[in-house]
Amino acid sequence: LVAHGMSVLELLRVFVGVYPTVASHRRARLYGTLAQVLGPNDHLSTLILLLLGSAAGETEGSVPFCGVLCAPLPAETQVTVLRRLVEAVRAMPRTQSDLKKAKGTAYEGAASSMGSLRGLQRRAMDTVVHVLGGRVFTGLVQGDAAGEEGVLQAMLCELMGELVAAMDEVGGLVEDDDEEMRDADE
């Protein structure tokens, strides 16, 4: 389909749209295969954002499911995917007027309001923390001790710096949103 003019984002939206109709025991295999075929380094972070931004993404199991999609990947690939996810969070609009210009983005569907966008940002950061704290990732990092440990550690340090900055930014934006809502009520 992509070869016939459909963008990868449009294709991913089709799969995210049918997520509720896919049997739960088949989801990991289907969406994992989709990510592998399209290239996890390039498109898994977008798929995760789309899933977290959909109605399914607002359910309790969405963060762990997105973690499952990362689990079969090598540690370096997981860090790359997570870093792209954090970068996407940091690049999201900061104002309502900027939000209205979010056409053609992975978060467009979840961006009906600043509150829903902030929820998506929190779920995305929760996914990063979930993956990094998971047994699978921890095992990969421990198994890398004999390999190029320095490369993975440097990648993790960069990711953690980006994650902390994103958490600070989103936390500050939530406080600004709350203040604007209080001012509007007065």
note = Exception for residue 51 within (1) over 21 Å from residue 115 (Cα atoms); (2) in a helix (DSSP H, G or I) falls at (1)
ask   = Got at least one residue in region 22-37 being modelled with pLDDT under 90, among the hydroxyl-bearing types (Ser, Thr, Tyr), open to solvent by 60 Å² or more (accessible area, probe 1.4 Å) and under 23 Å from residue 129 (Cβ atoms)?
value = no
ask   = Does residue 160 count as in a helix (DSSP H, G or I), modelled with pLDDT of 90 or more and open to solvent by less than 40 Å² (accessible area, probe 1.4 Å)?
value = no
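Out of curiosity, is residue 74 surrounded by fewer than 14 Cβ atoms within 10 Å (Cβ to Cβ), under 22 Å from residue 156 (Cα atoms) and not acidic (Asp, Glu)?
Numbers: surrounded by fewer than 14 Cβ atoms within 10 Å (Cβ to Cβ): yes; under 22 Å from residue 156 (Cα atoms): yes; not acidic (Asp, Glu): yes.
Against the criterion (surrounded by fewer than 14 Cβ atoms within 10 Å (Cβ to Cβ), under 22 Å from residue 156 (Cα atoms) and not acidic (Asp, Glu)), residue 74 qualifies.
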key: Criterion violated by residue 63 - all others in (1) open to solvent by 10 Å² or more (accessible area, probe 1.4 Å); (2) at pLDDT 90 or above; (3) touching a Gly at 6+ places or on another chain (Cβ under 9 Å) satisfied   = (2)
ask   = Residues in region 38-58 that are open to solvent by 40 Å² or more (accessible area, probe 1.4 Å) and either modelled with pLDDT of 90 or more or in contact with a His (Cβ under 6 Å, 6 or more places away or on another chain) (or both): how many?
value = 1
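Is it fair to say residue 173 is open to solvent by less than 30 Å² (accessible area, probe 1.4 Å), modelled with pLDDT of 85 or more and more than 17 Å from the chain's Cα centre (by Cα)?
On the way: open to solvent by less than 30 Å² (accessible area, probe 1.4 Å): yes; modelled with pLDDT of 85 or more: no; more than 17 Å from the chain's Cα centre (by Cα): yes.
So residue 173 does not fit the description; no.
With the condition kept exactly as written, say whether any residue in region 2-9 is in a helix (DSSP H, G or I) and buried (at least 18 other Cβ atoms within 10 Å of the Cβ).
Step one: filter region 2-9 for residues in a helix (DSSP H, G or I), giving 2-4, 8-9.
Restricting the remaining residues to those that are buried (at least 18 other Cβ atoms within 10 Å of the Cβ) gives none.
No, there is no match, as no residue in region 2-9 is in a helix (DSSP H, G or I) and buried (at least 18 other Cβ atoms within 10 Å of the Cβ).
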note = From the option list 94, 84, single residue qualifying as at pLDDT 90 or above and either surrounded by 14 or more Cβ atoms within 10 Å (Cβ to Cβ) or assigned to a helix (DSSP H, G or I) (or both) is 84
ask   = Going by the structure shown, is residue 91 of a type outside the set (S, T, N, Q) and without any contact (Cβ under 8 Å) to a residue 12 or more places away in the chain?
value = yes
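The values are calculated or read from the model by the stated rules, or taken from the named source; none is laboratory data. The structure presented is a predicted model; accordingly, all values stated were derived computationally and were not measured. When we count neighbours, we look across all protein chains shown, and the Cβ atoms used for this are built from the backbone with ideal geometry, even at glycine. When the accessible area is computed, the model is the full protein with side chains, heavy atoms only, and any ligands, DNA or RNA have been set aside. Shrake-Rupley method; radii C 1.70, N 1.55, O 1.52, S 1.80 Å.
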